[in-house]
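Q: Quick one: this structure, given as C-alpha cells, is what I'll be asking you about.
The values are calculated or read from the model by the stated rules, or taken from the named source; none is laboratory data. Note that the coordinates shown come from a computational prediction; the quantities given were computed from them, not determined experimentally. For neighbour counting, all protein chains shown are included, and Cβ atoms are generated from backbone atoms with ideal geometry for every residue, glycine included.
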C-alpha cells in the first residue's frame, strides 16, 4: 500500500523522487540498489550536476566513505552511458 501511494502520488515529480531515493538508499548502505536507482534517476532526467550535488549531501550526512563509494559507482555508470 505504501509503495502504491509513493508511486501514484504526483506531488513529487520523478526527478525529485529519484534524488530522494538515491540519498535514502545511500544512507542505508545498499550500494547494489543504489546503482540500479542511479540508472533509473538518469532515465528520469536527473542531470550529472544534480547527481553530484546529491552525492555531496550523502557525504556530509552519511559520511565521506559512503560518498566516495557513491562517486565511484556514479563515475562507472556515467562513463558507461557516455555522460562523462
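Q: Can you report the number of residues in region 1-19 which are loosely packed, with under 14 Cβ neighbours inside 10 Å and at pLDDT 90 or above?
A: Looking only at region 1-19, we keep the residues that are loosely packed, with under 14 Cβ neighbours inside 10 Å, and these are 1-13, 16.
Checking the rest, the ones that are also at pLDDT 90 or above come to 13, 16.
Residues that pass the stated criteria total 2.
Q: If you don't mind, another one. Determine whether region 41-63 contains at least one residue that is in a helix (DSSP H, G or I), at negative phi and touching a residue at least 40 places away in the same chain (Cβ under 8 Å).
A: Yes, region 41-63 contains a residue that is in a helix (DSSP H, G or I), at negative phi and touching a residue at least 40 places away in the same chain (Cβ under 8 Å).
Q: If I ask for residues that are in a helix (DSSP H, G or I) and either free of Cβ contacts under 8 Å to residues at least 12 places away in the same chain or closer than 14 Å to residue 59 by Cα (or both), which ones from region 9-30 would you list?
A: 16, 20, 22, 23, 24, 25, 26, 27, 28, listed by residue number.
Q: Within region 50-79, which residues are surrounded by fewer than 16 Cβ atoms within 10 Å (Cβ to Cβ) and more than 12 Å from the chain's Cα centre (by Cα)?
A: Within region 50-79, 60, 61, 63, 64, 65, 68, 72, 75, 76, 79 qualify.
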